[in-house]
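Single-structure report; data block below.
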Amino acid sequence: MTDKSNSGRFVIVISGNKLGRGNDELGTVLMKAFLHTVAGQAKKPDVMIFYNTGVKLTVQGSDVLEDLKQLESEGVQILVCGTCLNYFEIKDKLAAGVVSNMYDIVETMSNAGRLLTP
């Protein structure tokens, strides 16, 4: 098997605060497990992007905040959509990552060597 992932950064894109469609309670549990598993992996993503309801995971009171802060402390860049934070009126509660914009998000996604969108 040839590794083609060396041509760019490994980027994970989180567009919602739940993983999958169907039962919201299960989706919340699955997202928490997903992010905890990412934080525990030896191969960390280079960048994580959060937009739409995914930004709710990056604010005070989030059940996954500890894992996101761990990832950030290990060098993972966390980009959080500023438009989304403003829409949900939670920009002042951001606790992990940096406020970003769609230009940076699109550029990061476009230049990714590996793009994971669970």
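Derived scalar couplings between HN and Hα for region 30-43 equal 5, 5, 4, 5, 4, 5, 5, 5, 4, 5, x, 6, 5, 8 Hz in order, rounded to whole Hz, by the Karplus curve 6.51 cos²θ - 1.76 cosθ + 1.60 (θ = phi - 60°), x for Gly and Pro. Within the full protein context, the accessible area of residue 44 is estimated at about 40 Å² for a probe radius of 1.4 Å. Heavy-atom accessible area, probed at 1.4 angstrom with all protein chains present, ranks 102, 109 as 102, 109, highest first. Pairs of Cα atoms nearer than 8 Å and 6+ residues apart set the relative contact order; for the chain it is 36 percent.
Just how large is the dipole of the chain about the Cα centre, in debye to the nearest 20, putting +1 at every Lys and Arg Cβ and -1 at every Asp and Glu Cβ?
In total the dipole reaches around 240 debye.
Largest to smallest in accessible area, the residues 19, 116 fall in the order 116, 19 (1.4 Å probe, all protein chains included).
Heavy-atom accessible surface of residue 110, to the nearest 10 Å², is about 90 Å², with a 1.4 Å probe and all protein chains retained. Using a probe radius of 1.4 angstrom, the carbon and sulfur fraction of the accessible surface of the chain is 48%. Once the 1.4 Å probe is applied to the protein heavy atoms, the chain comes out at 60 Å² accessible per residue. Where both bridge residues fall in region 1-114, DSSP classifies roughly 5% of the beta bridges as antiparallel.
Only protein heavy atoms count here; under a 1.4 Å probe, residue 25 has an accessible surface of about 140 Å². Please work out how many pairs of lysine residues in the chain are eight or more positions apart (or on different chains) and have Cα atoms closer than 19 angstrom. For the chain, qualifying lysine pairs total 16.
The values are calculated or read from the model by the stated rules, or taken from the named source; none is laboratory data. Only a predicted model underlies this, so the values are computations on that prediction, with no experimental measurement involved. When we count neighbours, we look across all protein chains shown, and the Cβ atoms used for this are built from the backbone with ideal geometry, even at glycine. The area values use the complete protein model at the heavy-atom level, side chains included, leaving out ligands, DNA and RNA. Shrake-Rupley method; radii C 1.70, N 1.55, O 1.52, S 1.80 Å.
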